[in-house]
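Reading through the structure tokens given below for one structure.
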Amino acid sequence: MARKKLALIGGGQIGGVLAQIIASKQLGDVVMFDVVEDLPQGKTLDIAEASRISGFDAKVTGTNDYKDIAGSDIVIITAGIPRKPGMSRDDLLITNANIMKSVAEGVKKYAPNSIVIIISNPLDAMVTLFQKVSGFPTNKVMGQAGMLDSSRFSSFIAWELGVSVKDVNAMVLGGHGDTMVPLVRYANVNGVPVMEMLERKYKDKTKAEKVMKAMVDRTKQAGGEVVKLLKTGSAFFSPAASAVAMAQSILDDEKRVIATCCYLNGEYGVKNYYLGVPAILGEKGVEKVIELSLDKDEQAALDNSIKAVKNLTKEMANLGF
Ligand code: APR
């Protein structure tokens with residue numbers, strides 16, 4: 001059986017880690033595209049030369065020509081500029097929208113049957129734009145954000161409780177910005193509600209709530225926390241790992257339930273917009289959106305996030321995209 005093929009559009013920080021993880025997991029052959037001459041060739045050569053040590057036979061190559069992505073099963077897009085300290089994801093809108101438009105045209109022409117995972121920010125707007133320009137079926141165009149936001153939330157919970165992060169299940173819904181909605185009520189450690197464990201730890205409900213609020217706030221600001229420390233760019237290990245998990249669920253038809261930026265057709269009361277919600281990812285891409293029952297406060301927080309995503313999408317349309 002021929003190996004699967006994954007195209008990476010953007011060979012910067014995230015692109016490099018993506019190539020490395022995909023190759024070491026032998027998910028498929030990797031072609032990295034970038035507009036900067038020699039950059040993707042150099043980066044992939046470096047990764048490929050570690051193949052003996054890491055033990056992979058997958059091919060890892062770089063290109064400046066879209067035609068080399070032909071036949072890709074999955075395309076992961078990181079093309080665009082990342083944030084600098086003090087910038088919000090939305091500040092990247094015009095620059096990255098111009099880039100995304102050209103990327104969508106290239107992918108449409110050379111990998112028309114691929115399933116596309118977008119990482120470039122502002123995420124919800126970039127996914128919307130890619131789908132609009134490419135005309136790809138909506139189930140085959142999605143964004144990576146919720147997987148990472150949920151991983152960050154789960155990590156903070158595990159560190160706070162002193163338990164293995166493998167046993168923590170916590171989900172973040174909504175747009176990939178300050179309005180995202182970490183779902184406290186659903187967060188659990190192997191089925192035990194996290195709030196219950198916090199109350200047991202602190203023997204004080206108010207203190208437990210305060211600790212949870214701090215973790216929720218940190219989750220919302222987690223990307224910015226990394227930007228502030230790095231000073232020269234934004235997070236790249238964790239977004240890459242998250243997108244690989246999504247790609248693997250699709251390639252291996254795992255049908256994992258992953259918080260994904262996907263197209264809504266009435267679910268959660270939203271029609272014709274992309275938003276982060278739990279979805280089953282399998283060989284067809286986004287196979288099913290899972291609708292959670294939300295209480296009044298959770299729904300209000302999600303409505304607020306939907307409003308922000310709609311505003312950003314409208315702003316992009318007003319700019320002519
Ligand atoms: N086509 C392909 N690649 C492009 C294009 C284009 N039109 N324009 C820019 N690029 C490339 C750059 O040359 C660079 O190598 O995109 C790459 C982006 O890499 P980095 O600047 O290192 O950014 P990275 O940290 O990888 O983040 C990429 O993901 O999380 C988001 O906010 C982040 O939007 C940013 C994106």
Completion exercise
A correct Karplus calculation of ³J(HN,Hα) over the range 68-74, with 6.51 cos²θ - 1.76 cosθ + 1.60, θ = phi - 60°, whole Hz and x for Gly and Pro, returns 6, 8, 3, x, 5, 7, 10
Practice task
Please find the FRET efficiency linking residue 231 to residue 159, where r is the Cβ-Cβ separation and R0 is fixed at 25 Å, and quote it to the nearest 0.05.
Solution key: 0.55
Handout entry: Cα gyration tensor category, rounded, prolate or oblate, for the range 92-143 with a/c compared to 1.5
Key = oblate
Practice task
For residue 311 and residue 205, compute 0.36 nm times the residue count separating them, minus their Cα-Cα distance, and round to one decimal in nm.
Solution key: 34.5 nm
Problem - Between the range 254-318 and the range 169-217, the Cα center-to-center distance that results, in Å - result: 21
Exercise for the section: Give the dimensionless ratio obtained when the Cα radius of gyration of the range 5-144 is divided by 2.2 N^0.38 Å. Expected result: 1.01
Practice task
Identify the trypsin sites (Lys or Arg not before Pro) of the range 63-133 meeting these criteria: DSSP loop state and at most 13 other C-beta atoms within 10 Å of the C-beta.
Solution key: none
Fill in the blank from the handout: HN-Hα couplings for the range 256-264 via Karplus (6.51, -1.76, 1.60; θ = phi - 60°), in whole Hz with x for Gly/Pro, come out as 5, 9, 10, 5, 9, 7, 10, 6, 9
Completion exercise
Which residues qualify? For residue 116, with a placed amide H closer than 5 Å and at least 5 residues away or on another chain, they are 75, 141, 142
Handout entry: Relative frequency of Cα-Cα separations exceeding 21 Å in the range 145-321, percent
Key = 52
Problem - Local electrostatic count, residue 212, Cβ distance below 12 Å [Lys/Arg +1, Asp/Glu -1] - result: +2
Completion exercise
Of 50, 19, 170, the most mobile residue in a GNM of the chain (C-alpha springs, cutoff 10 Å) is 50
Problem - Rel. contact order, % - alpha carbon contacts under 8 angstrom, at least six apart, the range 126-263 - result: 31
Fill in the blank from the handout: For the chain (alpha-carbon point model, no solvent) the Debye-based log₁₀ I(q)/I(0) at q = 0.13 Å⁻¹ works out to -0.93
Problem - Segment residue 46-residue 287, extension gain: residue separation times 0.36 nm, minus the distance between their alpha carbons - result: 83.1 nm
Completion exercise
Counting sequence-distant residues (5 or more places) and residues on other chains, those with an amide H built under 5 Å from that of residue 284 are none
Completion exercise
Filtering the chain for DSSP H helices with an axial alpha carbon extent of at least 15 Å and a Kyte-Doolittle mean of at least 0.5 returns 13-24, 123-134, 237-251
Handout entry: Fewest-first ranking of 319, 173, 198, using other Cβ atoms within 10 Å as the exposure measure
Key = 319, 198, 173
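No lab work stands behind these numbers, since they all come straight from the coordinates. Quantities reported herein were computed from a predicted structural model and do not represent experimental measurements. When we count neighbours, we look across all protein chains shown, and the Cβ atoms used for this are built from the backbone with ideal geometry, even at glycine.
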